[in-house]
Amino acid sequence: MNPCNVLITGGEQGLGLAIYDRLADAGHCMHNIPGREIRQAIEDDVLYEFLKGFVDDVLFNKYDLNPVTSGIRISAIINNYGINHLSWIGDTPKEDEQIILANLMVPYWVVNFVREHGCVCRVVNVASQVYRVAQRCTSLYCASKAGLVQMTKVMARELAPFGWVINAVAPGKIEGTRMTELTDSQVLEIRGWKEEDAIRYALKNIPMGRFTDIAEIADLVVKVLDLPDYVNGTVIDSSGGQ
């Protein structure tokens, strides 16, 4: 893919930062919607307004829809931002509904608002292996990632006629991310496990016998951006053989 303007969500830390740096090093002009600002917008119940304002004001000079006079042209979108929180059914706090907003509505609105401006983009939605593997205490997270995969397919079906290429990647557990660290600590607390027991349980289901890491998945996302156009509306698993 030739150097272009790339919009990423949550590109300031962890996997998002690794993707951001790789694309910037390849000559792309990066535009990040910070995860902390997305989370604040969700908590303040202004997510729609925040994302629309970011795209319209920051990227496209306040609602100027003329492609000649408006701002930059976004050519690629990486929907990386996501959150998780473990809870047993029957003991779930109301705040956990934010998982659906963060993991499903953020990528939808980002694509929607960029599409409003007439852009043609390549999109990678960062899903998870939980889209197909049920895990206890993660009903909302699993549902959000399954929804993201299906949404990727629908987006491609709807926008491919206009030149859009939209795919998803679905990694397993990524070592070194803040989400993994928070989830791992919750697993020990909520299930009463020891750390070595949790690791042993998780690894026994992975034929390669290891987890993935930030560098490996960042490389995958960058490569998916550059796949042939006809690879459109699919999910690429990164599961170690599961």
Show me, for the stretch 38-53, the HN-Hα J-couplings you get by feeding each phi into the Karplus relation (A = 6.51, B = -1.76, C = 1.60, θ = phi - 60°), rounded to Hz, glycine and proline as x. 5, 4, 5, 5, 5, 5, 8, 6, 10, 4, 4, 5, 5, 5, 5, x
Rg to Rh, two decimals, where the stretch 95-154 supplies the alpha carbon set and Rh follows Kirkwood: 1.03
Rounded to the nearest 500, what is the chain's calculated 222 nm mean residue ellipticity when only DSSP H runs of at least 4 contribute -39500 (n - 2.57) each, over all residues? -12000 deg cm²/dmol
Distant-in-sequence amide H partners of Ile236 (H built 1.01 Å from N, under 5 Å): Ala168, Val169, Ala170
Out of residues 5 or more away from Val165 or on other chains, whose amide H comes under 5 Å of its own, with H placed 1.01 Å from N in the peptide plane? Cys121, Arg122, Val123
Cut-off is 10 Å between beta-carbons; in what order do Ser239, Ser144 appear when sorted fewest neighbours first? Ser239, Ser144
What would the Debye formula give as log10 I(q)/I(0) at q = 0.08, 0.11, 0.12, 0.17 Å⁻¹ for the alpha-carbon point model of the chain, no solvent? -0.30, -0.56, -0.67, -1.33
Ranked Tyr20, Tyr108, Tyr230, Tyr48, criterion: other C-beta atoms within 10 Å, fewest first: Tyr230, Tyr48, Tyr108, Tyr20
Suppose each label sits 7 Å from its Cα in the direction of the beta carbon; what would the Ala215-Val120 distance come out to in nanometres? 3.7
Could you pull out every one of the lysines with an alpha carbon less than 20 Å from that of Lys145, ignoring same-chain neighbours closer than 8 positions? Lys94, Lys153, Lys173
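Just so you know, all these numbers are worked out from the coordinates, no wet-lab data involved. A quick note: this is a predicted structure, and the numbers were derived from the prediction, not measured. Note that each Cβ is placed from the backbone with ideal geometry, even for glycine, and that neighbours are counted across all protein chains shown.
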